[in-house]
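Nothing in this text is a laboratory measurement; each read-out follows from the coordinates by a stated rule. Bear in mind the structure is a predicted one, so any value in this text is a computation, not a measurement. We place every Cβ from the backbone using ideal geometry, glycine too, and count neighbours over all the protein chains shown.
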Ligand code: GDG
């Protein structure tokens, strides 16, 4: 295929200090072969951003970035993307704040991204845009006369028509998605919800994965994201030599470790999870003094009010639970808002008897896959997984729970703590096989293969309607 140009909100230039801990940078690492370009926001604010992107070359990859003004950042990123789209697509209508001027800023930033990219784009490039910040980007690039293959992947869930209707500009956004040639979702459920929206809200014709609107066809399909399972496993094995991991082993004094790792986000079900620990210690008192729960929870999006509120709530819950159950030499809940280095994280997963992954709604959730890849095969831990994470569609041998039900999570923790080794090994073997099959590399290859075929496939007579 011709040169690949990746577009995302943030561009993780190698060695940038304070690089994001988010899932996207981790998952796309495999795509960065020499010749590729990655375009997006630099992460910097400027009073008058230049049209032409700043270029950095690293290991054969070109990183092209533009700055934003602080007004654009507030309207586009804090406002429409994270104040309206993120809650809506995570089924939290009550948290959605729609302001028309923020939507206008979102459109304006997408338009200026398309104009900036236009200065370095070549006609035979293939373009792959990522995530909810960039839904109108494809249409805008088309309006500038770009005719090459144009793909989009949504990392977060999609919502059914009954929920999408609540967003006053939903029709515009769904039409924008139809301007891409290929749109990927984490699960078939999300892809189907999108096709239903196109059909019911715009009158598009849908046949299988194909959507036809205003005389052009596009494909909406499921392409579940994964991790680089082998390198993660190796990091986990090597981490036995890490000093911090050693210190944690010492501090456990033979007690079981349960671990949660999440950006601090209201979609991750953290208060319910903390509550579940309290229920476990109430209902199954034999586990008192025998378990430590470690929640690693890097702070995130603190410009958005709801995230600050969540932090206050978690601080309060931590104090309440530890105040109630701690002994002078034992604290049940360890909670850190620091970002752990990746190798330490892998080591901490490996030590853990339970991985607790209980988002209220999640596109995929890579932590679930990382936990599985990191476990020792001869004595593996148990994954507790929300039925509303995309990962639950694949990782069916985990203990699947309803994340809104702290008692159910507590019961699953009890089952995990008492599960006999043969059952743990059987479940783990099945899960490992899946995590090593649906890797980040497989995800990228699926998408790129589909993108290279989509224009030919969309031509009549194979197109729907
Ligand atoms: C979005 C979607 C989808 C977390 N804390 C630390 C740390 N992390 C890493 C994890 C994992 C990544 O961040 C988080 O990825 P998730 O998939 O769990 O969640 P989101 O950030 O919400 O990502 C999600 C994903 O995009 C990919 O498509 O799965 O559904 O919401 O890799 O390990 N990494 C380090 N230290 C930390 O403290 N090093």
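Going highest first, how would you order 85-96, 43-54 by mean Cβ packing within 10 Å?
Values: 85-96: 18.1, 43-54: 13.4.
Highest mean packing first, the order is 85-96, 43-54.
Sorted by average packing, counted as other Cβ atoms within 10 angstrom per residue and highest first, what order do 290-300, 111-121, 180-190, 332-342 take? Before the final figure, lay out each step's value.
Values: 290-300: 20.1, 111-121: 18.5, 180-190: 23.7, 332-342: 15.9.
In descending order of packing, they fall as 180-190, 290-300, 111-121, 332-342.
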Original post:
How far, in degrees from 0 to 90, does helix 100-118 lean away from the longest principal axis of the Cα atoms of the chain, to the nearest 10?
Top reply: 70 degrees
Subject >> Length-normalised contact order of the chain in % [C-alpha pairs under 8 Å, at least 6 apart] >> reply: 15 percent
**OP:** For the chain, find the longest principal axis of its Cα atoms and tell me its angle to the long axis of helix 342-351, 0 to 90°, nearest 10.
**Re:** 40 degrees
Original post:
Mind checking Rg over Rh on the chain, alpha carbons, Kirkwood formula for Rh?
Top reply: 0.98
**OP:** Just the number, please: Stokes-Einstein D of the range 256-368 in µm²/s, Kirkwood Rh from C-alpha pairs, 25 °C, 0.890 mPa s.
**Re:** 169 µm²/s
**OP:** Please express the shape of the range 53-142 as an equivalent ellipsoid: the semi-axes are the square roots of 5 times the eigenvalues of the C-alpha gyration tensor, given largest first in whole angstrom.
**Re:** 27, 14, 13
Original post:
Tilt of helix 243-252 relative to the longest C-alpha principal axis of the chain, in degrees (0 to 90, nearest 10)?
Top reply: 50 degrees
Subject >> Compactness of the range 370-465, expressed as Rg and Dmax over alpha-carbon positions, Å >> reply: 18.7, 58
**OP:** Only helical DSSP H runs with n ≥ 4 go in: add -39500 (n - 2.57) per run for the chain, normalise by residue count and round the 222 nm mean residue ellipticity to 500 deg cm²/dmol.
**Re:** -12500 deg cm²/dmol
**OP:** Return the whole-Å distance between the Cα centroid of the range 175-200 and the Cα centroid of the range 295-372.
**Re:** 32 Å
Subject >> Relative contact order (%) - criterion: Cα under 8 Å, at least six apart; region: the range 54-158 >> reply: 24 percent
Original post:
With each pseudo-label sitting 7 Å past Cα toward Cβ, what's the residue 143-residue 452 distance in nm, one decimal?
Top reply: 3.2 nm
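Relative contact order of the range 229-437, please, whole-number percent, based on alpha carbon pairs below 8 angstrom and at least 6 residues apart. Let's see the in-between values first.
Working: 377 pairs, mean separation 55.0, N = 209.
Relative contact order for the range 229-437 comes out at 26 percent.
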Subject >> Over the range 229-437: Kirkwood hydrodynamic radius from C-alpha pairwise inverse distances, Å >> reply: 17.0 Å
